[in-house]
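*Asks:* My questions will all concern the structure given below.
Just so you know, all these numbers are worked out from the coordinates, no wet-lab data involved. Computed from a prediction, not measured in an experiment: that's the story for all the values here. Because the Cβ atoms are built from the backbone with ideal geometry, glycine has one as well, and the counts that use them run over all protein chains shown.
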Amino acid sequence: MDLIFVRFRLTSHHQSTSTRHGGGDGDGGGRSVMTETECVIAITIMSNHDESCVSYTQPIGRWSIFCFGLGHMLNDITAACWFTYLLLFLTDIGLSPGNAATVMLSGQVADGVTTIFAGELIDRFGHFKIWHGAGSLLVAVSFSSVFGGCIPCILFSRSSSTLQTVGYSFFAAIFNVGWAATQVSHMSMVNCITLNSTSRVALASCRNAFNMVANLSLYAVALLVFSISKAKSHADIEHQYRVIAYISIFIGCCFVVIFLVGTKEPSLKVAVQGNMDARISWSYWFKKVLYYQVALAYVLTRLIINVSQAFLAYYVINDLHMAQSATALVPAIIYVFSFIISVILQEVVWTGQRLKIYYSAGGIIWMFCGAAILILPTSMSAFMYVMSTFIGVANALMMVTGVSMQSVLVGRDLNGCAFVCGSLSFLDKISCGLALYFLESLESNTALHVSENTPLNATYVSVTRYGLGLVPAVCAFLGVAVTISMDLRAPYAKYLTESLLE
């Protein structure tokens, strides 16, 4: 009530001041008085709330950053399973690559549509942690069914590729609805926890570091399950992946509980904005050139990471003829180095110029890696382990800075931050879904896999090589070009020189 009362005084005073000071000089005087009143009221709000609170423009501590980073672990570990094993699982149980791609596309479309609505509703009503908790619950309940049996086949007592495709597509869509609600609420919280630009990058960096932990946890679980349980039939395959899903859900839920307990509901939106119910219209963002630049850079970054992750296992086995263990070891190397870089990036004092430099560095590394993937012969397959280190570094550099550019775009326009996150995530999900669908459909209509009797020193430009090499390299080039053209002058530069974790 005190906060609403203060807002009312601010509004009425602004109106009376504007009325009282008419004319050109009067208008100038009215604006001066209004600004002075805003400062006094802002201080009153902060002091009445808690005199010991650190200003929202000051760097935040390690514990707050740590707890926030844990909040996306359930999403991350299930997403790692989704992009790494879904296509393999569906083709292993008998679906064609085209039908498998349809299942994934249905989930991506559901995810993309949900992000728009979730972003709009969060901007209107707030309650980030409620959205996060509800989305996490839906993910936990539905994810095991994505890798479970065909429910329509059981209900109709018959099995066909159409029923399988419909059944798996349904649960894929349900899972992605919960995933989207959790993602948008968690991403938009960054901007409402702090106004400090360096702290915002640290939050995004910690989030990305735990993304790597989630991926490594998945591969450890998968390696354990595949070692203990041997699959000899479709039922055995379903059992293996269901066990992986259950363990992944348990691990993710443990971290979500820590996040919900250790992270306070952000109140910065209420403290900064003059009216809690006010929201920024979509057209406000659509008029900003920076919105389109940040959106394009973010979508290209997600395309690089998601498409490369989806085709990595295919490339290692089908194109390079590496051992089965390489499907776990190569991604593990990528995630270890991504984790290390993400932790290091938390200690950097950030400016808009540094965001552009670090993003461009990651993009250039990916261009070289993509070119090497296209021409790497089977006889030099061991070089993939070396290249994995560079891919891990590039992924971390591009992902952390790409997400942090959203915070520069949002600035203090906090009543629209969820829409920004939701709309960019919508573009990400739709573009990734279409790209994977196109590549998988192309894979099913061609016979470009490496045959067993071909020379080891030969190089094969298969669809898998295009997906893992050419697509990320081209996206990296475009992302760097877009980033160089951005104007990322942070509006709060005076806070960027402060040490984050002193």
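*Asks:* Could you rank the peptides 288-299, 251-262 by their average count of other C-beta atoms within 10 Å per residue, with the highest value first? Mind dumping the intermediate values first?
*Replies:* Values: 288-299: 19.1, 251-262: 17.4.
In descending order of packing, they fall as 288-299, 251-262.
*Asks:* If you don't mind, another one. What residues of the range 75-90 lie in the reach of a label at PHE250, counting those whose backbone N is under 18 Å from a point 7 Å from the Cα along Cα→Cβ?
*Replies:* Hits in the range 75-90 for PHE250 at 18 Å: 75, 77-78, 81.
*Asks:* Using the beta-carbon distance between LYS232 and ALA382 and R0 = 51 Å, what value does 1/(1 + (r/R0)^6) give for FRET efficiency, to the nearest 0.05?
*Replies:* 0.95
*Asks:* Each label point is 7 Å from the Cα along the Cα-to-Cβ direction; what then is the distance between the points at SER157 and VAL257, in nm?
*Replies:* 4.3
*Asks:* Among 375-381, 344-350, 398-404, 187-193, what's the highest-first ranking by average C-beta atoms within 10 angstrom per residue?
*Replies:* Sorting 375-381, 344-350, 398-404, 187-193 by mean packing, highest first, produces 398-404, 187-193, 344-350, 375-381.
*Asks:* Based on the Kirkwood radius over alpha-carbon pairs, what is the Stokes-Einstein translational diffusion coefficient of the range 100-226 at 4 °C with 1.567 mPa s viscosity, in µm²/s?
*Replies:* 79
*Asks:* Pairs LYS230/LYS429; LYS356/LYS429; LYS129/LYS288: which exceed 31 Å Cα-Cα?
*Replies:* As for pairs spanning more than 31 Å Cα to Cα, those are LYS230/LYS429.
*Asks:* At 7 Å along the Cα-to-beta-carbon direction for both ALA481 and SER96, put a label point, then send me their distance in nm to one decimal.
*Replies:* 3.6
*Asks:* Roughly what would the spin-label model give for LYS264 and SER283, points 7 Å off Cα along C-beta, in nm?
*Replies:* With each label placed 7 Å out from Cα toward Cβ, I get 3.8 nm.
*Asks:* Around GLY362, with a cut-off of 15 angstrom between Cβ atoms, what is the net charge of the other residues, counting Lys and Arg +1 and Asp and Glu -1?
*Replies:* +3
*Asks:* From the phi angles alone, apply the Karplus equation (6.51, -1.76, 1.60; θ = phi - 60°) to the range 156-173 and give each ³J(HN,Hα) in whole Hz, x where the residue is Gly or Pro.
*Replies:* With coefficients 6.51, -1.76 and 1.60, one gets 9, 6, 7, 10, 8, 5, 5, 5, 4, 4, 5, x, 5, 5, 4, 6, 5, 5 Hz.
*Asks:* Based on the Cβ-Cβ distance from PHE438 to HIS321, what FRET efficiency comes out when R0 is 30 Å, to the nearest 0.05?
*Replies:* Details: r = 26 Å, r/R0 = 0.86.
It comes out at approximately 0.70.
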